[in-house]
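J.: Below are the structure tokens for one structure; questions will follow.
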4 protein chains.
Amino acid sequence: MALKMSKGELMEFLDAEFPQVTGEFAIEELGEMRIRTRLNVGERHLRPGGTVSGPSIFALADVSVYLAVLAMIGPQGLAVTTNCSIDFMRKPVAATDLIAECRLLKLGRVLAVGEVLIFSDGGEAPVARASLTYSIPPVRT
Amino acid sequence: MALKMSKGELMEFLDAEFPQVTGEFAIEELGEMRIRTRLNVGERHLRPGGTVSGPSIFALADVSVYLAVLAMIGPQGLAVTTNCSIDFMRKPVAATDLIAECRLLKLGRVLAVGEVLIFSDGGEAPVARASLTYSIPPVRT
Amino acid sequence: MALKMSKGELMEFLDAEFPQVTGEFAIEELGEMRIRTRLNVGERHLRPGGTVSGPSIFALADVSVYLAVLAMIGPQGLAVTTNCSIDFMRKPVAATDLIAECRLLKLGRVLAVGEVLIFSDGGEAPVARASLTYSIPPVRT
Amino acid sequence: MALKMSKGELMEFLDAEFPQVTGEFAIEELGEMRIRTRLNVGERHLRPGGTVSGPSIFALADVSVYLAVLAMIGPQGLAVTTNCSIDFMRKPVAATDLIAECRLLKLGRVLAVGEVLIFSDGGEAPVARASLTYSIPPVRT
């Protein structure tokens, strides 16, 4: 299964479809069924003490699986998250970017499942882990 | 188990501790082990087409359980989310507030578990459901 | 949406399709998008001290949503569990049946979502809560 | 962090504490924060068509994290599962053992988090993934 979209194409698609998050996320590395993404942590992601908020961690996990799925199926469609399970395990390092290591475990006809480990940039112990299911709409032909 | 905080005290605490979210959430109703909260949907919560974003839905579920726990244990502590499982079931109504109906199923010495149903304001079918676990820090004496 | 199967038809279907679990489960009450089921607790469900095992609690949650879905769509198909999130909140009462209160929150064309609260028979505080997603196969025509 | 229990000690402990599952599980490999376990699939784990049942897959994930935790903390305690999220992704191969690859992502003072990938023996695509939280009781001193 070859990639149907490049890093640049994914970022263009994201910026066009979700202008609200422009500049928040970056793709560090892209492979078959895999992606590494970055949350460019800014003021709006922080809680007192400089820690990154839970919703921001969720957003990073969610966008990572979304981009990994799109890279494999192309920009055709309206993949939507149907389920997310997330464990918050450690406090993120204050005011530091987050890195998500995402892997697709399944890419079926109607459902995709991805898992994500999230780290503070440079850290070794994961801040959070998440697994997400995306529903993939039927291809229009 | 009586409530240890009123609606007003909870909102004051939230505004003081999490100034970043001031104005986003409101408490509609508060009871023992129960709360109903509102997400005042604004531009920053929206995706194209006016739909409320996944991270905003997550944030509402998270804050609802947090406030329900605080109402029962008081403002002593640093309760943190350790786990969230969320199902996104329907598209929220465009540009409409979200209402969360939250119930605590367990309030233990170290862990609390809450469940949340989320609706578009006025809607009957839930947009999402979530269950969250909070870790409750030991009481300092 | 009327029920497509009665209690008796569901139990017959279950016995025919899953002979391994014959006698383990009973339907206490059946309604639209709702079911109450019983786990007839026996030796094989127990752990030392008489507590009901985690896998038995999981099995009860799983079968409850399965039966609730079948009651609504009929015995046509091969609905399969795709996701389960379960919180174990209290120790079940020793050697006591478990009761599951199950509600379908969504019954879509391809996915159904159900939530379940599980009690020791006669108990008021839930032993566990679970949410499950079932994938519904396309209707053969 | 060195291992506090060997493979043999873990199996002895499991047999003594959970005689109901004697013979069902085997430890293939044990390391720091890691374990590989096997479900010796027998009649009682099967569904029609020879597929391994959901509760059996759950049981394997659960016991894997349990053993991984015990190996690190020793047989002192009453670790209990508080949460499990599981995705069923593919049908297991008929009448074939299951292999669980388990890793502890967190081993805290009160909570441990493990993730598990489950394969049909010899298969390359995971049948299921699970993440579990265990509550670790305070050490008695």
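Since every read-out is calculated from the coordinates, none of them should be taken as a lab result. These figures come from a predicted structure and were not determined experimentally. Reconstructed Cβ throughout: ideal geometry from the backbone, glycine too, with neighbour counts over all protein chains shown.
J.: Quick one: angle between helix C:54-73 and the longest Cα principal axis of chain C, in degrees between 0 and 90, rounded to 10, please.
T.: Once rounded, one gets 30 degrees.
J.: With +1 on the Cβ of every Lys and Arg and -1 on the Cβ of every Asp and Glu, and nothing else charged, how large is the dipole of the protein assembly as shown about its Cα centre, in debye rounded to the nearest 20?
T.: 0 debye
J.: Can you give me the C-alpha center-to-center distance between the stretch B:49-111 and the stretch A:69-141, rounded to a whole angstrom?
T.: Cα centroid to Cα centroid, the span is 20 Å.
J.: Can you tally the net charge around residue C:133? Count Lys and Arg as +1, Asp and Glu as -1, for every other residue whose Cβ sits under 12 Å from the Cβ of residue C:133.
T.: With Lys, Arg at +1 and Asp, Glu at -1, the net is -2.
J.: A further question on this structure: Give the residue list of GluC sites (Glu not before Pro) in the stretch A:47-141 that are DSSP loop and have at most 11 other beta-carbon atoms within 10 angstrom.
T.: In loop regions of the stretch A:47-141 (DSSP not H, G, I, E or B), the sparsely surrounded GluC sites (Glu not before Pro) are A:124.
J.: State, as an integer percentage, the relative contact order of the stretch B:1-92 based on alpha-carbon contacts under 8 Å between residues 6 or more apart.
T.: Worked out over the stretch B:1-92, it gives 33 percent.
J.: Okay, moving on. Assign unit charges at the C-beta atoms only (+1 for Lys and Arg, -1 for Asp and Glu), then state the dipole size of chain A relative to its Cα centre in Debye, rounded to the nearest 20.
T.: Using only the charged Cβ atoms, the result is roughly 400 debye.
J.: Averaged across orientations, what area in nm² does the convex hull of the alpha carbons in the stretch B:1-85 project?
T.: Its average projected convex-hull area is 5.9 nm².
J.: For labels at residue B:21 and residue D:21 in the simple 7 Å Cα→Cβ model, what's the distance in nm?
T.: 3.7 nm
J.: Moving on. Among the lysines, select those whose C-alpha is under 20 Å from the C-alpha of residue B:4, and discard any that sit fewer than 8 residues away in the same chain.
T.: B:106
J.: If each residue's Cβ is checked for other Cβ atoms within 10 Å, how do D:97, D:15, A:87 rank with the fewest at the top?
T.: Going from sparsest to densest Cβ surroundings: D:15, D:97, A:87.
J.: Tell me the mean residue ellipticity at 222 nm calculated for the protein assembly as shown from its helices only (DSSP H runs of n ≥ 4, each -39500 (n - 2.57), averaged over every residue, nearest 500).
T.: Computed ellipticity for the protein assembly as shown at 222 nm equals -7000 deg cm²/dmol.
J.: Also: Once you have a ≥ b ≥ c as the square roots of the Cα gyration tensor eigenvalues for the stretch D:76-141, tell me rounded if a/c is under 1.5, and otherwise prolate or oblate according to whether a/b is larger than b/c.
T.: Verdict is prolate for the stretch D:76-141.
J.: What per residue convex hull volume, in Å³, do the alpha-carbon atoms of the protein assembly as shown yield?
T.: Value for the protein assembly as shown: 158 Å³ per residue.
J.: Take every residue in peptide B:46-53, count the Cβ atoms of other chains within 10 Å of its Cβ, and give the average of those counts.
T.: Going residue by residue through B:46-53 and averaging, the value is 2.
J.: I need C:119, C:13 ordered by Cβ neighbour count within 10 Å, fewest first.
T.: C:13, C:119
J.: Next question, about the same structure. Sorting B:109, B:36 on the 10 Å Cβ count, fewest up front, what's the list?
T.: In order of increasing Cβ crowding within 10 Å: B:109, B:36.
J.: Could you tell me how many degrees, from 0 to 90 and to the nearest 10, lie between the Cα long axis of helix C:7-17 and the main elongation axis, the longest principal axis, of the Cα atoms of chain C?
T.: Tilt relative to chain C: about 90 degrees.
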